[in-house]
Amino acid sequence: MRVVIAEDLFLLRDGLTRMLEAYGMRVAAAVDNGTDLLSAITSERPDVAIVDVRLPPTFTDEGVRAALAARRAVPDLPVLVLSQYVEQLYARELLAGGRGGIGYLLKERVVDGEQFVDAVRRVASGGTAMDPEVIARLLAHNSGSVSALSPREREVLALMAEGRSNGAIAEQLVITERAVAKHTASIFVRLGLQQSADDHRRVLAVLAYLNR
């Protein structure tokens, strides 16, 4: 798997590079600004880009804007945002395409290398990896769109957004996997998702839920 990293802090950029390579990934480019990120993505065509939101020169939104531009230049490019901040507007922009391959993790909440690498792989394969705090912030402004779902269905879907399997959701909610499957099927029906590969519908359900 080929990865492009955009992170302005040298120690974190170097640490990410070493960790990913230790897990068998190839870092095609590691840059510290949005311009170089866009250039690296269009030239290297990586399997996934890991991007900080705030990059030089203004440290406002260069990173995510470059990621959005890259997704226009390289359609369906998987992007994992790794930031200190929950930028709701840009999270929504990334979700707006209705496609998978999207993640948004908060730096201070990443405490396990294996889990982080799993999130990278999940996003690269077209799935989602959303930090619970990001989900909470997005849903706080989406209350009207979730009225069709029961409280338990909203819990299940929020855990799906984190990329959890049915087994992991069942363990978290202390219910059976069969119950999770029933809730998941109900979610698909309520969101109007037609029959297709289950993994694909899970991604579409998460995107529809967070992007409304």
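Using the structure shown, decide if ASP14 is closer than 22 Å to GLY113 by Cβ, within 17 Å of the chain's Cα centre (by Cα), open to solvent by 40 Å² or more (accessible area, probe 1.4 Å) and modelled with pLDDT of 90 or more. So ASP14 does not fit the description; no. Within the stretch 67-78, the set of residues being open to solvent by 70 Å² or more (accessible area, probe 1.4 Å), at negative phi and part of a loop (DSSP other than H, G, I, E, B) comprises just one member, PRO75.
A count restricted to the stretch 29-50 and to residues that are more than 15 Å from ARG13 (Cβ to Cβ), among the β-branched types (Val, Ile, Thr) and outside any helix (DSSP H, G or I) stands at 1. Tell me, please, whether a residue that is closer than 16 Å to ALA129 by Cβ, at pLDDT 85 or above and in contact with a helix residue (DSSP H, G or I) (Cβ under 7 Å, 6 or more places away or on another chain) can be found in the stretch 65-72. Scanning the stretch 65-72 turns up no residue that is closer than 16 Å to ALA129 by Cβ, at pLDDT 85 or above and in contact with a helix residue (DSSP H, G or I) (Cβ under 7 Å, 6 or more places away or on another chain). The single residue among VAL81, VAL53, VAL64 that is assigned to a helix (DSSP H, G or I) and buried (at least 20 other Cβ atoms within 10 Å of the Cβ) turns out to be VAL64. Of all residues in the stretch 89-111, exactly one satisfies the criterion of being loosely packed, with under 15 Cβ neighbours inside 10 Å, in contact with a helix residue (DSSP H, G or I) (Cβ under 6 Å, 6 or more places away or on another chain) and either of a type in the set (S, T, N, Q) or modelled with pLDDT of 80 or more (or both), namely VAL110.
When you scan the stretch 160-212, how many residues do you find that are of a type in the set (Asp, Glu), at pLDDT 65 or above and within 22 Å of LEU94 (Cα to Cα)?
Going through the stretch 160-212 one residue at a time, the tally reaches 1.
Listed by first and then second residue, the pairs linking a residue in the stretch 115-136 that is more than 16 Å from ALA168 (Cβ to Cβ) and open to solvent by less than 50 Å² (accessible area, probe 1.4 Å) to a residue that is among the β-branched types (Val, Ile, Thr) and assigned to a helix (DSSP H, G or I), with Cβ atoms under 9 Å apart and 6 or more places separating them unless they lie on different chains, are GLY126/VAL203. Quick one: is VAL31 hydrophobic (A, V, I, L, M, F, W, C), in contact with a strand residue (DSSP E or B) (Cβ under 8 Å, 6 or more places away or on another chain) and open to solvent by less than 10 Å² (accessible area, probe 1.4 Å)? Judged against the criteria, VAL31 is not a match.
The values are calculated or read from the model by the stated rules, or taken from the named source; none is laboratory data. Since we're looking at a predicted model, the values are computed, not measured. With ideal geometry, Cβ positions are generated from the backbone for all residues, glycine too; neighbour counts draw on all protein chains shown. For the accessible areas, the whole protein counts, side chains as well, though only heavy atoms, and no ligand, DNA or RNA atoms are used. Shrake-Rupley method; radii C 1.70, N 1.55, O 1.52, S 1.80 Å.
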